[in-house]
Amino acid sequence: MTGSILPWALGFALACVSLAMLLSLFRLLRGPTLGDRILSVDTLTINVIALIVVFGVAEATQTYFEAALLLAMVAFVGTVAYCKFLLRGDIVE
């Protein structure tokens with residue numbers, strides 16, 4: 001057995017992340033409350049970050065990891081802003 005298992009693992013990871021993204025998108029569209037939708041957007045961004053990391057491993061470059069880190073920071077700030085707006089009705093105090 002001379003083949004590498006990495007292409008199979010990357011394909012499996014891509015399929016799992018894609019399924020998770022579809023389920024998060026379903027919850028975003030169908031979520032009964034605004035809190036469910038905010039949580040699904042946060043979960044969707046985490047799945048996008050995972051997808052970027054999988055592409056980074058497949059391409060063997062560090063640029064994708066930097067992009068994933070930047071997206072994670074922006075997504076965190078966005079989620080905090082959404083939740084603050086939901087609880088208080090205003091973002092800036």
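The values are calculated or read from the model by the stated rules, or taken from the named source; none is laboratory data. Bear in mind that the values here come from a model prediction, so they are computed numbers and not experimental data. Neighbour counts run over all protein chains shown; Cβ positions are idealised from the backbone, glycine included.
Among the residues of segment 34-42, none qualifies, meaning not one is free of Cβ contacts under 8 Å to residues at least 12 places away in the same chain and exposed (fewer than 12 other Cβ atoms within 10 Å of the Cβ).
For segment 1-34, the tally of residues that are out of contact with any helix residue (DSSP H, G or I) (no Cβ under 7 Å at 6 or more places or on another chain), in a helix (DSSP H, G or I) and not hydrophobic (A, V, I, L, M, F, W, C) stands at 4. Among the conditions (1) among the acidic types (Asp, Glu); (2) touching a residue at least 24 places away in the same chain (Cβ under 8 Å); (3) closer than 21 Å to Leu10 by Cα, the only one that Glu59 does not satisfy is (2). The sole residue among Ala20, Ala9, Ala15 that is touching a residue at least 24 places away in the same chain (Cβ under 8 Å) and under 26 Å from Ala67 (Cα atoms) is Ala20. Here Thr61 meets each of (1) hydroxyl-bearing (Ser, Thr, Tyr); (2) touching a Phe, Trp or Tyr at 6+ places or on another chain (Cβ under 6 Å); (3) outside any helix (DSSP H, G or I) with one exception, condition (2).
Answer yes or no as to whether Leu71 is touching a residue at least 12 places away in the same chain (Cβ under 8 Å), assigned to a helix (DSSP H, G or I) and surrounded by 13 or more Cβ atoms within 10 Å (Cβ to Cβ).
yes
The set of residues in segment 43-56 that are without any contact (Cβ under 8 Å) to a residue 24 or more places away in the chain and not β-branched (Val, Ile, Thr) comprises Leu44, Phe55, Gly56.
Of the candidates Val53, Val17, Val48, the single residue that is within 23 Å of Phe85 (Cβ to Cβ), surrounded by 11 or more Cβ atoms within 10 Å (Cβ to Cβ) and at pLDDT 95 or above is Val48. Scanning segment 29-52 for residues that are within 14 Å of Ala75 (Cβ to Cβ) and hydrophobic (A, V, I, L, M, F, W, C) turns up Ile38, Leu39, Val41, Leu44, Ile46, Val48, Ile49, Ala50, Leu51, Ile52.
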